[in-house]
Amino acid sequence: MAGDVIGVGMIGLGTVGSGVAELLRDQGDLYAQRTGKRIELRRVLVRDVEKAKASGLVDPAIVTDDQEQIISAKDIDVVIEVAGGVEPIDSLMQFALEHGKHVVTANKSLLAAKGPELFAVARDHGVSIAFEASCGGGIPCVTAMTTGLMANRIDALFGILNGTCNYILTEMTGSGKTYAQALAEAQEAGFAEADPALDVSGQDAAQKLAILASLAFGVRITGDDVHAIGVDGLDLEDITLGDEMGYDIKLLAIAERWPGSKWVNIGVQPCFIKKDELLAQVAGPYNALSVHGHAAGHTLYYGQGAGQLPTASAVVSDLLGIVSGSASAAFSNMRLTPDLTQPAHILDRRDTESAYYLRMQTLDVPGVMAEVTSILGDKGISLSQVLQHESKAGEVVSLVVTTHLTRLGDVEDAAEEIAGLEPIQGEPVIIRVIEMPA
Ligand code: HSE
């Protein structure tokens with residue numbers, strides 16, 4: 001990047017934007033020493049100018065509500081986008097790229113929805129888009145995937161990619177809090193999305209997984225390709241029963257290259273994992289990503305996936321990568337972004353295989369266990385554990401089985417048949433049980 005002083009314009013001055021402003025204000029000497037250039041925050045675009053000026057977060061003279069002062073201004077070299085949302089940010093980003101500005105964004109919804117188009121515009125105009133902050137906050141997982149593990153064929157990703165959900169599950173498991181209490185606390189602490197439905201429905205993790213899996217497997221995967229089940233439908237009883245069987249529950253974002261084929265299995269769902277697994281130790285709002293490379297084996301990245309300074313750390317690291325030229329070179333020379341890759345072959349989820357946990361609510365009457373096991377046996381489903389607490393005859397009781405490796409479609413079909421049995425109340429609950437690769 002030409003010149004000794006780099007002009008930066010930022011769109012948004014919320015939680016992450018304030019963190020970026022703080023880092024640029026306080027760490028200018030460190031960044032100059034690392035890149036050989038001074039970085040100047042020259043403009044901040046906000047909706048409410050008076051509020052931003054009064055906030056004391058940035059010099060009031062650089063606050064504006066005129067987008068042209070950022071996206072087409074001659075003295076702006078890099079645009080940082082920390083406003084979020086898809087509309088109207090996508091057209092602002094497009095204009096900025098067309099005017100030769102590099103873009104740093106934390107916006108996973110934008111990339112999941114418009115990534116291929118925006119990457120292509122950047123390439124046409126000789127500039128780059130950096131997006132480390134879009135996945136996993138302060139954890140440099142995009143960099144790990146694109147450069148650190150470049151020598152590997154990546155076979156699987158297992159991620160805890162939503163801090164709000166991990167916080168909720170940790171609190172429900174450990175402190176016996178209700179779902180509503182734990183969600184309210186996550187919102188208060190500031191790591192939930194403006195619309196927390198995105199977090200608890202699994203959509204936020206699905207968007208992050210789409211970005212990471214695209215990079216890992218070198219294929220194009222959109223947020224819509226990722227089947228997502230959130231934590232909003234979880235029943236505390238399953239968490240308690242799973243605990244008794246030696247499992248912790250985690251909302252896992254999983255992408256697996258199907259062995260020996262070009263197919264990818266990808267999805268987000270609450271899963272049981274053995275309590276001694278590393279991912280089971282990830283508590284509270286923290287995020288973690290397990291990456292399985294054919295040469296490196298299992299590597300694990302852990303840290304704060306949300307919050308002001310962790311996310312600002314990723315944004316500013318991207319900015320420094322652009323200023324020093326490393327991020328721009330990676331963007332233009334590596335064939336990783338979805339404008340250059342082909343759509344993934346996504347495996348039908350019913351054809352994927354895993355172990356499963358099934359909980360049925362049943363009247364405790366003679367013969368029900370035999371009927372349930374006969375349905376499972378007819379579908380070729382082999383059981384590994386059975387759990388039923390002592391009850392009085394005729395009461396409604398939870399009957400839990402876990403299976404060996406089996407096809408999801410068969411488990412779903414068996415569950416539907418079981419739901420039709422006379423003593424069974426409601427639909428069986430199905431939760432995936434993860435056997436982590438070695
Ligand atoms: N709402 C997200 C989470 C943080 O709870 O992890 C930003 O991606």
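The values are calculated or read from the model by the stated rules, or taken from the named source; none is laboratory data. All of these numbers come straight from a predicted model, not from anything done at the bench. Heads up, the Cβs are rebuilt from the backbone with ideal geometry, glycines too, and the neighbour counts pull from every protein chain shown. To get the accessible areas, we keep the full protein, side chains included, count just its heavy atoms, and leave off ligands, DNA and RNA. Shrake-Rupley method; radii C 1.70, N 1.55, O 1.52, S 1.80 Å.
Out of Ala52, Ala106, Ala61, I need the residue that is away from the ligand (no atom under 16 Å from the Cβ) and either within 30 Å of Asp204 (Cα to Cα) or crowded, with 23+ Cβ neighbours inside 10 Å (or both). Which one?
Among Ala52, Ala106, Ala61, only Ala52 is away from the ligand (no atom under 16 Å from the Cβ) and either within 30 Å of Asp204 (Cα to Cα) or crowded, with 23+ Cβ neighbours inside 10 Å (or both).
For (1) touching a Leu at 6+ places or on another chain (Cβ under 8 Å); (2) more than 24 Å from Ser326 (Cβ to Cβ), each residue gets a yes or a no:
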| residue | (1), (2) |
| --- | --- |
| Ile11 | yes, no |
| Arg38 | no, no |
| Ala54 | no, yes |
| Pro60 | no, yes |
| Thr64 | yes, yes |
| Gln69 | yes, yes |
| Ala73 | no, yes |
| Phe95 | no, yes |
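Which is in a loop (DSSP other than H, G, I, E, B) and surrounded by 24 or more Cβ atoms within 10 Å (Cβ to Cβ), of Gly84, Gly136?
Gly136
Being over 22 Å from Thr105 (Cβ atoms) and in a helix (DSSP H, G or I) is the filter here; which residues of region 13-59 pass it?
Asp26, Gly28, Asp29, Leu30, Ala32, Gln33, Val49, Glu50, Lys51, Lys53, Ala54 - these are the residues of region 13-59 that are over 22 Å from Thr105 (Cβ atoms) and in a helix (DSSP H, G or I).
So, in region 61-77, exactly how many residues are part of a helix (DSSP H, G or I) and among the charged types (D, E, K, R)?
1
What residue, of Ile239, Ile211, Ile168, is over 14 Å from the mean Cα position of the chain (by Cα), within 12 Å of the ligand (Cβ to nearest atom) and crowded, with 16+ Cβ neighbours inside 10 Å?
Testing whether each residue is over 14 Å from the mean Cα position of the chain (by Cα), within 12 Å of the ligand (Cβ to nearest atom) and crowded, with 16+ Cβ neighbours inside 10 Å leaves just Ile168.
Among Gln94, Gln69, Gln33, which is the only one that is within 25 Å of Glu193 (Cβ to Cβ) and open to solvent by 40 Å² or more (accessible area, probe 1.4 Å)?
Gln94
For Met10, state whether it is hydrophobic (A, V, I, L, M, F, W, C) and either surrounded by fewer than 18 Cβ atoms within 10 Å (Cβ to Cβ) or farther than 29 Å from Gln304 by Cβ (or both).
Considered against the rule, which asks whether it is hydrophobic (A, V, I, L, M, F, W, C) and either surrounded by fewer than 18 Cβ atoms within 10 Å (Cβ to Cβ) or farther than 29 Å from Gln304 by Cβ (or both), Met10 comes out as no.
Taking only region 172-193 into account, find how many residues are open to solvent by 50 Å² or more (accessible area, probe 1.4 Å) and within 9 Å of the ligand (Cβ to nearest atom).
Going through region 172-193 one residue at a time, the tally reaches 1.
Scan region 285-320 residue by residue and report those that are surrounded by fewer than 22 Cβ atoms within 10 Å (Cβ to Cβ), within 15 Å of the ligand (Cβ to nearest atom) and more than 15 Å from the chain's Cα centre (by Cα).
Gln308, Leu309
Report, by residue number, each residue of region 117-149 that is in contact with a Leu (Cβ under 9 Å, 6 or more places away or on another chain) and within 24 Å of Lys262 (Cα to Cα).
Once the filter is applied, which keeps residues that are in contact with a Leu (Cβ under 9 Å, 6 or more places away or on another chain) and within 24 Å of Lys262 (Cα to Cα), region 117-149 yields Cys141, Val142, Ala144, Met145, Thr146.
Of the numbered conditions (1) farther than 19 Å from Gly14 by Cα; (2) touching a residue at least 60 places away in the same chain (Cβ under 8 Å), Glu98 satisfies every one except a single condition; which is it?
Failing condition for Glu98: (2).
Can Arg349 be described as touching a His at 6+ places or on another chain (Cβ under 7 Å) and open to solvent by 20 Å² or more (accessible area, probe 1.4 Å)?
So Arg349 passes the test.
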